[in-house]
Every structure is written in structure tokens, then in C-alpha cells.
Amino acid sequence: MLSRKTWTIALVRFLAVYGLLVFPRPLVNAVCASYFCTLGRLIYPAEEGKRILIFERPNEKERPSTDDVRIVIENRDWLNVDGSGLVRNLDMNAQAALWRPLALLASLIMASPVSWKRRFWAFAAGLLAIHAYLWATLAVDIWRESAEISLVTIPEFLQKPLGMLTNALLIQLSLAVPVLVWLLCAFRPADFRLEPSALNQTPVAPCKTGINPTGVGLQTVEAVSNVHLRRKLRR
């Protein structure tokens, strides 16, 4: 059972840690983008059938806005002898897709008023869940973009809804994964019960007789005893 004061301190600690982690830093962004590309090359095969998949970091002049990772999808049958040809580029922001969920997970766990053992297992489960969610969602997005260069066939009326869905899953809903893992792995149901206030507790007076702690019926017993005493005096 955690007190209200404990939860307040945890909230302040979370805001401070999360603010520090998500504060824009060029070095952190570069490392996150490089890690994203390296992991993508390990998970997804570079060549599979007609499809060629390339994870790279676009040049500063080429990349739009804050997107710092580019996934190039190529159709082998559409390439010229010199390697040029029509390709499909999937640009992403590695910080929004990967770093922010990880930062949220770390902040929640560091601020949690639980044991270090619980924190460790929650962080380990969160790392696996975030990566699995990211790469599974990205696989759907790559599959959708592959339809643009005739690698797969998707009905035209489904392409736009799929694009909106994958964008929401990768950017917006990705922050729900660390929160869910944090709640399931770091806490127990009893941790969310607040301590009862001392003002709401009614002290119970100690029972001198050891028979009735509430005092109910004591006056009746005393009245009966007085009646017997009066009868004896009259006799």
C-alpha cells in the first residue's frame, strides 16, 4: 500500500527524468538513427525474392523535416543494369518511433516506488515489447509500401486506411506500449490502494471487561444487578 505522498514524489521524479531524456540532443538523435538502421538490417533480409531492402540515413539536404531514417524498397525487375530505377522510399523519425517509447519506459520505471527487482524485470519486459511492437508494425508498413512498386498486391481502397493505421501505430500508439508494460510488470494490485486517512479512522476504546468491546449491553447488565441489590436490601 503506497501513500499519497509517495505517489506525488514519484510523479515529480517522472516528469524530471522524462524531460531530461526527451530534450533534443543531436548526438542522441544520431545514435538512435544509427541503431535503428543497424537493427533493421539484422532483422529484415536485404534481399528476399524480387524485393531489395536498404536501411540508410539520408543526407541533410535530402531528408524531409526531422526524418532521419530512410528505408529504400526496390523491385529487382525494375532496376536497370547500372542499378538505377524506380524505388520506394519510406522515411521515418527514429526518435519518435523508438527513442521516445524507450525514454517513457525508463522514466516510468525510475520514478516507480517499487523494489529494484521489479524495476529490472519491468524494464527487460518493456525493452522486448517495444522492439517487438516496432518491428512488427514496421513490417506491415514495408509490406504496404511494396505495393507501390508491384511487389505485392493490395486493393486500392485499403491502401489509404492502411497508411493511416500504420502511421498511428508507429508514432501515436507506440507510447501506449511502455505504459501498459509498466502497469502490468512493475506493480501489484495492492500498490494502488491509498492508505486510509487518520481522520477517517474511529478509535475504539479498550474494553475493560473483555466481554463487549463496543460497550453495548453493559448498561442493561448494570441495571439488572441494581435491581437484585435493591431486592436484597428490602428483605
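Being small (Gly, Ala, Ser), in contact with a helix residue (DSSP H, G or I) (Cβ under 7 Å, 6 or more places away or on another chain) and in the same structural domain as Phe23 (by TED's automatic domain parsing) holds for only one residue in Ser107, Ser150, Ser146, Ser115, and it is Ser107.
Farther than 17 Å from Trp99 by Cα, surrounded by fewer than 18 Cβ atoms within 10 Å (Cβ to Cβ) and of a type outside the set (Phe, Trp, Tyr), is that true of Glu74? Judged against the criteria, Glu74 is not a match.
Here is a yes/no grid of residues against (1) touching a strand residue (DSSP E or B) at 6+ places or on another chain (Cβ under 8 Å); (2) of a type in the set (A, V, I, L, M, F, W, C); (3) assigned to a helix (DSSP H, G or I); (4) not assigned by TED's automatic domain parsing to the domain that holds Ile52:
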| residue | (1), (2), (3), (4) |
| --- | --- |
| Gly83 | no, no, no, no |
| Arg119 | no, no, yes, no |
| Phe123 | no, yes, yes, no |
| Gly126 | no, no, yes, no |
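Examine the stretch 86-108 for a residue that is outside any helix (DSSP H, G or I), modelled with pLDDT under 90 and loosely packed, with under 15 Cβ neighbours inside 10 Å, and state whether such a residue exists. Yes, the stretch 86-108 contains at least one residue that is outside any helix (DSSP H, G or I), modelled with pLDDT under 90 and loosely packed, with under 15 Cβ neighbours inside 10 Å.
Within the stretch 141-154, the set of residues being out of contact with any Asp or Glu (no Cβ under 8 Å at 6 or more places or on another chain) and surrounded by 15 or more Cβ atoms within 10 Å (Cβ to Cβ) comprises Asp141, Ile142, Trp143, Arg144, Glu145, Ser146, Ala147, Glu148, Leu151. Taken as a whole, the condition of being crowded, with 16+ Cβ neighbours inside 10 Å and among the polar types (S, T, N, Q) does not apply to Ser115.
Considering each residue of the stretch 62-81, count those that are assigned to a strand (DSSP E or B) and not polar (S, T, N, Q), and give that number. The total comes to 10. Just one of the listed residues (Ala223, Ala122) is of a type outside the set (Val, Ile, Thr) and either at pLDDT below 90 or more than 27 Å from the chain's Cα centre (by Cα) (or both), and it is Ala223. One residue stands out in the stretch 1-49 among those that are in contact (Cβ under 8 Å) with a residue 40 or more places away in the chain and of a type in the set (Lys, Arg): the one that is surrounded by the most Cβ atoms within 10 Å (Cβ to Cβ), namely Arg13. Taking Leu138, is it among the hydrophobic types (A, V, I, L, M, F, W, C) and either out of contact with any Asp or Glu (no Cβ under 6 Å at 6 or more places or on another chain) or touching a residue at least 60 places away in the same chain (Cβ under 8 Å) (or both)? It is true that Leu138 is among the hydrophobic types (A, V, I, L, M, F, W, C) and either out of contact with any Asp or Glu (no Cβ under 6 Å at 6 or more places or on another chain) or touching a residue at least 60 places away in the same chain (Cβ under 8 Å) (or both). Going by what's in this entry, would Phe157 be described as among the aromatic types (Phe, Trp, Tyr) and either surrounded by 14 or more Cβ atoms within 10 Å (Cβ to Cβ) or within 30 Å of Trp78 (Cβ to Cβ) (or both)? So Phe157 fits the description; yes.
When the stretch 138-170 is filtered for residues that are among the hydrophobic types (A, V, I, L, M, F, W, C), over 22 Å from Phe55 (Cβ atoms) and part of a helix (DSSP H, G or I), the ones remaining, listed by number, are Phe157, Leu158, Met164, Leu165, Ala168.
The values are calculated or read from the model by the stated rules, or taken from the named source; none is laboratory data. None of the values given here were measured: they were computed from a predicted structure. In this analysis, Cβ positions are derived from the backbone assuming ideal geometry, glycine residues included, and neighbour counts consider all displayed protein chains.
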